[in-house]
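The values are calculated or read from the model by the stated rules, or taken from the named source; none is laboratory data. Owing to the predicted nature of the structure, the values given are computational and were not obtained by experimental measurement. Note that we place each Cβ from the backbone using ideal geometry, even for glycine, and neighbour counts take in every protein chain shown. Side chains are part of the model used for accessible areas, which takes the heavy atoms of the whole protein and leaves out ligands, DNA and RNA. Shrake-Rupley method; radii C 1.70, N 1.55, O 1.52, S 1.80 Å.
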Amino acid sequence: MNEFQNDLSAFDAAIAKATTADEAFTALQDLARAVVGAKLFTVMLVDMQAELSRRAYTSDPVSYPASGTKPLNYGPWFDIVHGQREFFVANTIEDIAEVLFDHELINQLGCQSVVNVPIILKDELVGCMNLLDVAHHYTPERLQLIRDVLSVPAKLAVLAARL
């Protein structure tokens, strides 16, 4: 993890100065890109009581604007991310197509792999950090780096965005 010390220090400085949700999530995006890479990076926030989610941050506001809400989509993806509180990982566009309705757009953006990372606070799913890149990008080694290096900063970014 020492190899990411400079990246973590940069995140620490950026999150300390963040005065908006965009600044907090940009700091997280920069860290994620440095640690594991992500052509497309988004953060979805979840309101479990209202059963709604909303895209709070996006690295591609043209293709994936951060606006509006949508009802939670219950199914296999939700069971993994919310029920089991595990990463959802798909490393081919075919696997993505099985669970994400926007797989054609994802593919057009040059992304054929995804990892959705649940963000849990107070024992409740509050959001999801989504990283997308080329096919087979999210290897077991990169998934471990996400667990080891990005999980806590993701929680901190959500908390900073709420302030």
Original post:
Only one of (1) modelled with pLDDT of 95 or more; (2) open to solvent by 50 Å² or more (accessible area, probe 1.4 Å) is not met by Met1, so which one is it?
Top reply: (1)
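Select from segment 103-117 the residues that are surrounded by 19 or more Cβ atoms within 10 Å (Cβ to Cβ) and more than 16 Å from Ser53 (Cα to Cα) and write down the one among them that is nearest to the chain's Cα centre (by Cα).
As a first pass, look at segment 103-117 and keep what is surrounded by 19 or more Cβ atoms within 10 Å (Cβ to Cβ): 103, 106, 111-117.
Still in the list and also more than 16 Å from Ser53 (Cα to Cα): 103, 106, 111-115.
Values: His103: 16, Ile106: 14, Cys111: 14, Gln112: 15, Ser113: 13, Val114: 9, Val115: 7 Å.
Top of the filtered list is Val115.
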Original post:
Among the residues of segment 116-136, is any closer than 27 Å to Gln5 by Cα and basic (Lys, Arg)?
Top reply: no
Subject >> Subset of segment 85-119 [over 30 Å from Val152 (Cβ atoms) and among the charged types (D, E, K, R)] >> reply: Glu94, Glu98, Glu104
Original post:
Can you find even one residue in segment 34-52 that is out of contact with any His (no Cβ under 9 Å at 6 or more places or on another chain), assigned to a helix (DSSP H, G or I), within 20 Å of Ile146 (Cα to Cα) and among the hydrophobic types (A, V, I, L, M, F, W, C)?
Top reply: yes
Subject >> Only listed residue being polar (S, T, N, Q), within 23 Å of Ala157 (Cβ to Cβ) and modelled with pLDDT of 90 or more, chosen from Thr69, Thr139, Thr58 >> reply: Thr58
**OP:** For residues that are at pLDDT below 95 and crowded, with 18+ Cβ neighbours inside 10 Å, scanning just segment 79-102, find the one that is farthest from Ser59 (Cα to Cα).
**Re:** His82
Original post:
Which of (1) more than 18 Å from Ile120 (Cα to Cα); (2) open to solvent by 50 Å² or more (accessible area, probe 1.4 Å); (3) free of Cβ contacts under 8 Å to residues at least 24 places away in the same chain; (4) not basic (Lys, Arg) does Gln49 not meet, given it meets every other one?
Top reply: (1)
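Within segment 118-141, can one find any residue that is in a helix (DSSP H, G or I) and either touching a residue at least 60 places away in the same chain (Cβ under 8 Å) or open to solvent by 10 Å² or more (accessible area, probe 1.4 Å) (or both)?
Here is the first cut: in segment 118-141, the residues in a helix (DSSP H, G or I) are 140-141.
In the following step, the residues that additionally are either touching a residue at least 60 places away in the same chain (Cβ under 8 Å) or open to solvent by 10 Å² or more (accessible area, probe 1.4 Å) (or both) were identified as 140-141.
Scanning segment 118-141 turns up at least one residue that is in a helix (DSSP H, G or I) and either touching a residue at least 60 places away in the same chain (Cβ under 8 Å) or open to solvent by 10 Å² or more (accessible area, probe 1.4 Å) (or both).
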**OP:** Filter segment 65-110 for residues that are in contact (Cβ under 8 Å) with a residue 40 or more places away in the chain and not polar (S, T, N, Q) and give the result.
**Re:** Val81, His82, Arg85, Phe87, Val89, Ile93, Leu105, Ile106, Leu109, Gly110
Original post:
Which of the residues belonging to segment 4-44 are of a type outside the set (A, V, I, L, M), buried (at least 22 other Cβ atoms within 10 Å of the Cβ) and farther than 23 Å from Gly68 by Cβ?
Top reply: Phe11
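Rundown of residues vs (1) aliphatic (A, V, I, L, M); (2) in contact (Cβ under 8 Å) with a residue 12 or more places away in the chain; (3) within 14 Å of Ala161 (Cα to Cα), yes/no style:
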position	(1), (2), (3)
Ile15	yes, yes, yes
Thr26	no, yes, yes
Val36	yes, yes, no
Met44	yes, yes, yes
